[in-house]
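The values are calculated or read from the model by the stated rules, or taken from the named source; none is laboratory data. Keep in mind the model is a prediction, meaning the values are calculated, not measured. Cβ coordinates were reconstructed from backbone atoms using ideal geometry, including for glycine residues, and neighbour counts include every protein chain displayed.
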Ligand SMILES: C[S@@+](CC[C@H](N)C(=O)[O-])C[C@H]1O[C@@H](n2cnc3c(N)ncnc32)[C@H](O)[C@@H]1O
């Protein structure tokens, strides 16, 4: 199985924030609230460039971020250095794989925001991750993760094999202009994953143009599969939402957000 590209290509980190900083996903306030309620340190797995981690530390919470990609962690570190010392002091960073890590600590809350869990394609990887999570959680700690709610047409309709422009005309401070498109490169229905391509078109101030493709497989899960997987790994789902406004899960919900505790 190929990797997910974040640890192979620097451009994945370079263009991550310009794309996602443009709109406020409601997930940030949701996860910050979870950390505030936890009453102890949070561990965020797949913390990336700190899109959720930095607002959490700014809200006064202690948080450790773990990520596999040195490029994503490098961006996070640069952003952190621009924060006040007390905010920096609340943050710990670690490079590692969420399927096999040992930070030597236990946490009141462990989170996996914005779908890093969907980079784990096989059941063996998913179970390895959940086993590590359980081991790092305090006895009364909570585990929160989100995955997208699979839309059946998007999993089979050949129209999604075509490029769809999702983010037009993002101007960067140095004059580069980024356009981002995405497509599904292949459906793997039997193994429940799609090959995804995030396609970056960059126009440089000197007129040079680039096309950079971030390609990775992405697993999808169904509601009861996640519940059973969590059960198998020693968790019980205590809250379940269809979006970050805490709305109940329906057929139209875009997200599946699980809050679990140790059995
Ligand atoms: C879509 S980004 C999400 C980043 C961040 N949580 C956010 O909300 O913006 C996915 C992140 O998961 C990380 N990741 C993917 N597989 C991983 C693994 N096995 N262990 C640790 N991090 C991983 C990637 O390096 C990337 O930073």
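Looking across 40, 48, one residue alone is in a loop (DSSP other than H, G, I, E, B), more than 12 Å from the ligand (Cβ to nearest atom) and either farther than 21 Å from residue 103 by Cα or at pLDDT 95 or above (or both). It is 40. When the stretch 11-31 is limited to residues that are more than 12 Å from the ligand (Cβ to nearest atom) and touching a helix residue (DSSP H, G or I) at 6+ places or on another chain (Cβ under 9 Å), the one that is nearest to residue 172 (Cα to Cα) turns out to be 14.
Does any residue of the stretch 80-94 turn out to be touching a helix residue (DSSP H, G or I) at 6+ places or on another chain (Cβ under 8 Å), in the same structural domain as residue 132 (by TED's automatic domain parsing) and near the ligand (Cβ under 9 Å from one of its atoms)? No, the stretch 80-94 contains no residue that is touching a helix residue (DSSP H, G or I) at 6+ places or on another chain (Cβ under 8 Å), in the same structural domain as residue 132 (by TED's automatic domain parsing) and near the ligand (Cβ under 9 Å from one of its atoms). Residue pairs whose Cβ atoms lie under 8 Å apart, sitting 6 or more positions apart in sequence or on different chains, and linking a residue in the stretch 114-134 that is on the phi < 0 side of the Ramachandran plot to a partner that is within 10 Å of the ligand (Cβ to nearest atom) and at pLDDT below 95, are 119/4.
Within the set 97, 67, the sole residue that is within 12 Å of the ligand (Cβ to nearest atom) and within 28 Å of residue 172 (Cα to Cα) turns out to be 67.
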